[in-house]
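**Student:** Before I ask anything, let me first share the structure, which is written out below as structure tokens.
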Amino acid sequence: MSTSPKVEPNKIRVLVAKPGLDGHDRGAKVIARALRDAGFEVIYTGLHQTPEMVVNAAVEEDVHVVGLSILSGAHNALVPEIKEGLNKAGLTDCLFVLGGIIPDEDIPEMKKQGVDMVFTPGTSLTDVVEYIKKNAPVRA
Amino acid sequence: MSDSKMDQLKKAQAEWEQRMIAGEKKVPQRDGCFTTLSDMEVPLLSTPADLEASGFDYMRDLGFPGEFPYTRGVQRNMYRGKLWTMRQFAGFSSAKETNERFKMLLEQGQNGLSTAFDMPTLMGYDADSPKSKGEVGKCGVAVSSLEDMEELYAGIPLGDVTTSMTINGPAIVILAMYFAVADKQGVPHHKVKGTLQNDILKEYIAQKEWLFPVKHAVDLVTDTIEFCTKEYPNWNTVSISGYHIREAGATAVQELAFTLADGLGYVEECLKRGMKIDDFAPRLSFFFDVHNDFFEEIAKFRAARRIWARLMRERYGAKDPKSLMLRTHAQTAGVSLTAQQPYNNIVRVAVQALAGILGGTNSLHTNSMDETLALPTQESVMIALRTQQIIAEESGVANIADPLGGSYFVEALTNRVEKDALDYIRRIDEMGGIVAAIENGFPQAEIANSAYHFQRQLEAKQKVMVGVNKYKAPEAKRMDTLYIDRSVEKNQIQKLAELRTKRSPQAYAETIRKVREAAVAGQNLCGPIGEAVKAYATLQEVCDTLRGVYGEYRETGSF
């Protein structure tokens, strides 16, 4: 496996989170497993997390990447709350990515809210892995 | 076929194979994997030898339509007597808007209603709960109280339509609200017809909209079966669902096996309460996915009916033919739809719908082309409904019962699917039944493995999704999708605040107290919950009362 010059993949810690009431966890679990197979350290929150629970998990696990999976249409309400919580907790350098059913017209707003990347349906696992390798923050 | 004829056939077939292989020097097989969507090997050719090898016996394995073991369908005259019910799942925004969609669908020739609830409702939260923020009216209609339910079915005579309601965790409360509306319309109990999904076991396996620990949740399902068997004899108490299991990534065989195992789980619970098999089994119904692989799906439906009929007769001694019949709704596979080149979805849905019908489904929802992007627009719902009407009225397939029966390939595949599903059911029996299997995470892990395996196959292009990993095209203009306004949430919150000041506080407190007492005492809760919703206790108020007694279910975040 090729590794990014910036960081060793085995040191990147990724939180895969399912905020909101949405129970569709197929995508989150497939992504979590693919990231683990790619050598990242993966923490999966499980379902039905409040924004506060997601932020707490990110802090406790001291992650480099927070990935949200939302398929219920609640992203406009949930994403800003989580981003604000991460900032308040001092995790300002976290790579913040989003996947699920996100309508095209909502993507600019999501970016404005601090989402670094929105992965829409059909994105390949390889693309997600490569993106994280390239963009995860380096910490001392 | 006589032995000597069979020997001749096998010899001729072996010789043909030699010639075929020789021919492949000139025209080799294309690259690609010649397996079903669920990775079962598919032969190039099927002949009577395959049927013999899989132990086929016409009278034992097929029989006739409407007769044991129902492989060929549950109605004697199949679709000549009654076409499948065309039932489009609908629900979004407020009760008022969904009510308008319902009326449109009925005017356009749909013959049954199917209700989708939003996430808060599915999880037993009111629109004004902090947990509901951003979710109200998004994935379905918001129903927090009897008042919403009254608006949802306003002007629709509940004695004349059949209604399906897709809800599980708090199903007992929503059912009580529906019966209350029917009462207010003056509909006699025996004329209230429809289906409550009420299949909590598959929630733990796949759909993940749960409230209580498994045992208590299963007790609530059993309460509704017991209550309806006495009070609402024509209500389908549980729609035992493979759909969500499949959508979560299961193979066709896993979908079939886990669904039937769930069904056996409910049967066992009812028997434990002293109910008689032929009193409640006729009102158990099923709900399967119809995915892309045409023949695999047809085989799955045929095998489902045969396995269920045999298990009900052999294991439980059921005698009423209605107990033996697996009646099923089907829905085309949402997960097969693509956001890329979305018009292609119309074609996928048509092929899947045809498979469901050739499989002998009793009811069908065809997905709309835009459902991978958002809830469907009115226009796309219409195309989906017309797809069914074209198959029903133009294609001719509804003229004949089980037209693929006797196909060497379909019969051999039906036997294979049956055998593999029975293997799973045996393993689950050995674990102590489906509740134990779920608590051990067995079906969940099997499904997660299949989902990951399939995603890997897609990445390696061993499986094709047109427009996604093959035949990609620059995206044309984006499709207009349905947008749910945030004002829906605000209005619902406002309505609830008003409701809480309007209703009688005494009646509310008294009926909620009785729900709590009955829950603590382990009594059937249908009666007390019925009284509470009539006193306009909200969905969450009832569910929180039960949460206080039972606790909540939590899943560990394994993947």
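**Student:** So A:Ala74 clears everything in (1) touching a Lys or Arg at 6+ places or on another chain (Cβ under 7 Å); (2) within 10 Å of chain B (Cβ to nearest Cβ); (3) closer than 25 Å to B:Tyr483 by Cβ; (4) at pLDDT 95 or above except one condition, right? Which one?
**Tutor:** (4)
**Student:** For the condition closer than 30 Å to B:His216 by Cβ, in the same structural domain as B:Val214 (by TED's automatic domain parsing) and aliphatic (A, V, I, L, M), what is the one hit in B:Ala398, B:Ala421, B:Ala384?
**Tutor:** Numbers: B:Ala398 fails: closer than 30 Å to B:His216 by Cβ; B:Ala384 fails: closer than 30 Å to B:His216 by Cβ.
Criteria check complete, one pass: B:Ala421.
**Student:** Among the numbered criteria (1) modelled with pLDDT of 95 or more; (2) within 14 Å of another protein chain (Cβ to nearest Cβ); (3) surrounded by fewer than 24 Cβ atoms within 10 Å (Cβ to Cβ), which one does B:Ala154 miss?
**Tutor:** Failing condition for B:Ala154: (2).
Okay, residues lined up against (1) touching a helix residue (DSSP H, G or I) at 6+ places or on another chain (Cβ under 9 Å); (2) more than 9 Å from chain B (Cβ to nearest Cβ):
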{"site": "A:Arg36", "(1), (2)": "no, no"}
{"site": "A:Leu68", "(1), (2)": "yes, yes"}
{"site": "A:Glu81", "(1), (2)": "yes, no"}
{"site": "A:Glu130", "(1), (2)": "no, yes"}
{"site": "A:Asn135", "(1), (2)": "no, yes"}
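**Student:** Looking at B:Leu354, is it in contact (Cβ under 8 Å) with a residue 12 or more places away in the chain, closer than 26 Å to B:Leu37 by Cα and not in a helix (DSSP H, G or I)?
**Tutor:** Values: in contact (Cβ under 8 Å) with a residue 12 or more places away in the chain: yes; closer than 26 Å to B:Leu37 by Cα: yes; not in a helix (DSSP H, G or I): no.
In short, no.
**Student:** Cβ-Cβ under 8 Å, sequence separation 6+ or interchain: first residue in the range A:19-32 and more than 7 Å from chain B (Cβ to nearest Cβ), partner at pLDDT below 90 and in a loop (DSSP other than H, G, I, E, B). Which pairs?
**Tutor:** Short answer, once both residue conditions are applied: A:His24/A:Ser72; A:Ala28/B:Phe559.
**Student:** Which one of these is surrounded by fewer than 22 Cβ atoms within 10 Å (Cβ to Cβ) and at pLDDT 95 or above: A:Lys11, A:Lys88, A:Lys6, A:Lys18? Spell out the reasoning first.
**Tutor:** Values: A:Lys11 fails: at pLDDT 95 or above; A:Lys6 fails: at pLDDT 95 or above; A:Lys18 fails: surrounded by fewer than 22 Cβ atoms within 10 Å (Cβ to Cβ).
That would be A:Lys88, the only listed residue that is surrounded by fewer than 22 Cβ atoms within 10 Å (Cβ to Cβ) and at pLDDT 95 or above.
**Student:** Could you identify the single residue in A:Asp104, A:Asp116 that is within 8 Å of chain B (Cβ to nearest Cβ), at negative phi, acidic (Asp, Glu) and surrounded by fewer than 23 Cβ atoms within 10 Å (Cβ to Cβ)? Spell out the reasoning first.
**Tutor:** Details: A:Asp116 fails: within 8 Å of chain B (Cβ to nearest Cβ).
Exactly one residue qualifies, and that residue is A:Asp104.
**Student:** Applying the selection to the range B:50-71, what residues are part of a loop (DSSP other than H, G, I, E, B) and among the aliphatic types (A, V, I, L, M)? Explain how you work it out, then say what you get.
**Tutor:** Taking the range B:50-71 first, the residues part of a loop (DSSP other than H, G, I, E, B) are B:54-57, B:62-71.
B:Leu62 - this is the single residue of the range B:50-71 that is part of a loop (DSSP other than H, G, I, E, B) and among the aliphatic types (A, V, I, L, M).
**Student:** I want to confirm something. Restricting to the range B:465-494 and keeping residues that are away from every other protein chain (no Cβ under 13 Å) and under 32 Å from the mean Cα position of the chain (by Cα), which single residue is surrounded by the most Cβ atoms within 10 Å (Cβ to Cβ)?
**Tutor:** B:Gln492
**Student:** Let me ask something else about it. Among B:Leu256, B:Leu201, B:Leu264, which is out of contact with any Phe, Trp or Tyr (no Cβ under 6 Å at 6 or more places or on another chain), surrounded by fewer than 24 Cβ atoms within 10 Å (Cβ to Cβ) and in the same structural domain as B:Ile447 (by TED's automatic domain parsing)?
**Tutor:** B:Leu264
**Student:** Something else now. If you go through the range B:35-77, how many residues are out of contact with any helix residue (DSSP H, G or I) (no Cβ under 9 Å at 6 or more places or on another chain) and of a type in the set (Phe, Trp, Tyr)?
**Tutor:** Selection size over the range B:35-77: 2.
**Student:** Considering only residues that are surrounded by 17 or more Cβ atoms within 10 Å (Cβ to Cβ) and among the aliphatic types (A, V, I, L, M), look in the range B:50-78 and name the one that is farthest from B:Arg302 (Cα to Cα).
**Tutor:** Among those residues, the one meeting the criterion is B:Leu51.
**Student:** Still on this structure, please answer the following. Between residues in the range A:115-140 that are closer than 14 Å to A:Ser69 by Cβ and residues that are part of a loop (DSSP other than H, G, I, E, B), which pairs lie under 6 Å by C-beta distance while being six or more apart or on different chains?
**Tutor:** Close Cβ pairs (under 6 Å, with a partner that is part of a loop (DSSP other than H, G, I, E, B)) amount to A:Val118/A:Ile102; A:Pro121/B:Ala339.
**Student:** On to the next question. Considering only the range A:43-50, I want to know if a residue exists there that is more than 9 Å from every other protein chain (Cβ to nearest Cβ) and in contact with a helix residue (DSSP H, G or I) (Cβ under 7 Å, 6 or more places away or on another chain).
**Tutor:** no
**Student:** Tell me the residue from B:Val335, B:Val410 that is under 21 Å from B:Ser241 (Cα atoms), assigned by TED's automatic domain parsing to the domain that holds B:Ala309 and assigned to a helix (DSSP H, G or I), please. I'd like the intermediate steps shown before the answer.
**Tutor:** Numbers: B:Val410 fails: under 21 Å from B:Ser241 (Cα atoms).
So the residue among B:Val335, B:Val410 that is under 21 Å from B:Ser241 (Cα atoms), assigned by TED's automatic domain parsing to the domain that holds B:Ala309 and assigned to a helix (DSSP H, G or I) is B:Val335.
**Student:** Restricting attention to the range B:368-417, report how many residues are out of contact with any helix residue (DSSP H, G or I) (no Cβ under 7 Å at 6 or more places or on another chain), closer than 30 Å to A:Thr120 by Cβ and among the acidic types (Asp, Glu).
**Tutor:** Result for the range B:368-417: 1.
**Student:** I'd like to check something: does the range B:43-65 contain any residue that is closer than 28 Å to B:Ala250 by Cα, in contact with an Asp or Glu (Cβ under 6 Å, 6 or more places away or on another chain) and assigned by TED's automatic domain parsing to the domain that holds B:Glu418?
**Tutor:** No, there is no match, as no residue in the range B:43-65 is closer than 28 Å to B:Ala250 by Cα, in contact with an Asp or Glu (Cβ under 6 Å, 6 or more places away or on another chain) and assigned by TED's automatic domain parsing to the domain that holds B:Glu418.
Matching residues to (1) in contact (Cβ under 8 Å) with a residue 24 or more places away in the chain; (2) farther than 18 Å from B:Arg246 by Cα; (3) in a helix (DSSP H, G or I); (4) among the β-branched types (Val, Ile, Thr):
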position: B:Glu297; (1), (2), (3), (4): yes, no, yes, no
position: B:Ala303; (1), (2), (3), (4): yes, no, yes, no
position: B:Arg313; (1), (2), (3), (4): yes, yes, yes, no
position: B:Ser323; (1), (2), (3), (4): yes, yes, yes, no
position: B:His329; (1), (2), (3), (4): yes, no, no, no
position: B:Ala339; (1), (2), (3), (4): yes, yes, no, no
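**Student:** Of all the residues that make up the range B:433-463, how many are assigned to a loop (DSSP other than H, G, I, E, B), without any contact (Cβ under 8 Å) to a residue 12 or more places away in the chain and either buried (at least 20 other Cβ atoms within 10 Å of the Cβ) or within 13 Å of chain A (Cβ to nearest Cβ) (or both)? Outline the logic, then answer.
**Tutor:** So in the range B:433-463, the residues assigned to a loop (DSSP other than H, G, I, E, B) come out as B:433, B:440-441, B:460-463.
From what is left, the residues that are without any contact (Cβ under 8 Å) to a residue 12 or more places away in the chain are B:440, B:460-461.
Next, from what is left, pick out any that are either buried (at least 20 other Cβ atoms within 10 Å of the Cβ) or within 13 Å of chain A (Cβ to nearest Cβ) (or both): B:460-461.
Total meeting the criteria: 2.
**Student:** Restricting attention to helices (runs of 4 or more DSSP H) lying wholly within the range B:72-150, give those where 3 or more residues are assigned by TED's automatic domain parsing to the domain that holds B:Gln331. Walk me through it before giving the result.
**Tutor:** Working: elements: B:78-81, B:95-107, B:119-122.
The helices (runs of 4 or more DSSP H) meeting that bar are B:78-81.
**Student:** Sticking with this one: Mind checking which residues of the range B:237-250 are away from chain A (no Cβ under 13 Å) and either in a strand (DSSP E or B) or surrounded by fewer than 24 Cβ atoms within 10 Å (Cβ to Cβ) (or both)?
**Tutor:** Answer for the range B:237-250, where residues must be away from chain A (no Cβ under 13 Å) and either in a strand (DSSP E or B) or surrounded by fewer than 24 Cβ atoms within 10 Å (Cβ to Cβ) (or both): B:Val238, B:Ser239, B:Ile240, B:Ser241.
**Student:** Of these, B:Gln341, B:Gln378, which one is within 14 Å of chain A (Cβ to nearest Cβ) and surrounded by fewer than 24 Cβ atoms within 10 Å (Cβ to Cβ)? Outline the logic, then answer.
**Tutor:** Values: B:Gln378 fails: within 14 Å of chain A (Cβ to nearest Cβ).
Only one candidate passes the filter, namely B:Gln341.
**Student:** Still on this model: Would you check which residues across the range B:118-148 are of a type outside the set (Gly, Ala, Ser), surrounded by fewer than 24 Cβ atoms within 10 Å (Cβ to Cβ) and closer than 24 Å to A:Gly73 by Cα and list them?
**Tutor:** Once the filter is applied, which keeps residues that are of a type outside the set (Gly, Ala, Ser), surrounded by fewer than 24 Cβ atoms within 10 Å (Cβ to Cβ) and closer than 24 Å to A:Gly73 by Cα, the range B:118-148 yields B:Asp128, B:Pro130, B:Lys131, B:Lys133.
The values are calculated or read from the model by the stated rules, or taken from the named source; none is laboratory data. Just so we're clear, the structure is a prediction, and the values are computed from it rather than from any experiment. Please note: Cβ atoms are built from the backbone with ideal geometry, for glycine as well, and neighbour counts cover all protein chains shown.
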